[in-house]
Structure formats: C-alpha cells, structure tokens
Amino acid sequence: MTNLDTPLGEGDSAQVIYLRYADAEQLVPILEASLASMLGQQPSTGKEGEQSSFIRAHKDTNALIITAPQAITRELRNVIRHLDIRRAQVLIEAVIAGGERRDRT
C-alpha cells in the first residue's frame, strides 16, 4: 500500500489492465523483465529512492497495475495484448460400453 501513497514521477502514469485469459500473477515476472530491458537496467528510482516504475498483480480482479512513463506503458500494453490470448482447447469424447459375459453350459 505504501506504493499507492507515493507521488508519480513526471510523465509517469498508472494504469489498470484487466486480463481475459492470462493469469496476472504469472505475467508480472515476464513484464518486469521487459520493463527492466526497456529501461536498460533495473526499474528507475524516484527522488526518495522509491521505485517509480513498477508492475503489480491484483489477484481478485486478475488485473495488472502498471506505473511507468507513458511510452513504456504503451510498449507493455502491446506485450500484454500478445500474451493475453485464448489458449487452444481440445475436445475429448469417450464412449464407455459395458457388457456381460455369459458362459453357455
């Protein structure tokens, strides 16, 4: 909760992105690695040493909360759009047949 109380850096924006198919908690490490790559290092820090760019998952709503400069947020939204896809489904049908064996004696 302390991250919510810190002011955003200049040009930073906070966005909530609701996912349809992917699991928010599983995407966070992937997106954090992308964020670090986009920033060319570890996520940047604010004036008080607080992290100014970050990604969090909200489990109850399966949403991502992203705080980063707008250009980076756009890039992350693009990555999310490609990862939040419907998985292929397989239909399996089975027929169970029963029978009795009768000996003729």
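The values are calculated or read from the model by the stated rules, or taken from the named source; none is laboratory data. Keep in mind that what you see is a predicted model, and the values were worked out from it rather than measured. With ideal geometry, Cβ positions are generated from the backbone for all residues, glycine too; neighbour counts draw on all protein chains shown.
Find the residue count for region 66-105, including only residues that are in contact with a Leu (Cβ under 9 Å, 6 or more places away or on another chain) and of a type in the set (V, I, T).
Total satisfying the criteria: 5.
For region 63-100, which residues satisfy the criterion of being in a loop (DSSP other than H, G, I, E, B) and in contact (Cβ under 8 Å) with a residue 24 or more places away in the chain? So that I can check it myself, show each step before the final result.
Applying the first criterion (in a loop (DSSP other than H, G, I, E, B)) to region 63-100 yields 84-100.
Hits for region 63-100 are D84, I85, R86, R87.
Would you point out the residue of region 30-54, among those that are at pLDDT 90 or above and closer than 13 Å to D12 by Cβ, that is surrounded by the fewest Cβ atoms within 10 Å (Cβ to Cβ)?
F54
Filter region 20-29 for residues that are exposed (fewer than 13 other Cβ atoms within 10 Å of the Cβ), within 8 Å of the chain's Cα centre (by Cα) and not in a helix (DSSP H, G or I) and give the result. Walk me through it before giving the result.
Residues of region 20-29 exposed (fewer than 13 other Cβ atoms within 10 Å of the Cβ): 20-21, 23, 26, 29.
When the remaining residues are screened for being within 8 Å of the chain's Cα centre (by Cα), the result is 23, 26.
Listed by number, the list holds a single entry, D23.
Go through region 69-104 and count every residue that is over 13 Å from the mean Cα position of the chain (by Cα), acidic (D, E) and surrounded by 10 or more Cβ atoms within 10 Å (Cβ to Cβ).
1
Condition first: at pLDDT 80 or above and either within 10 Å of the chain's Cα centre (by Cα) or over 22 Å from H82 (Cα atoms) (or both). Now tell me which residues in region 9-19 satisfy that.
I17, Y18, L19, listed by residue number.
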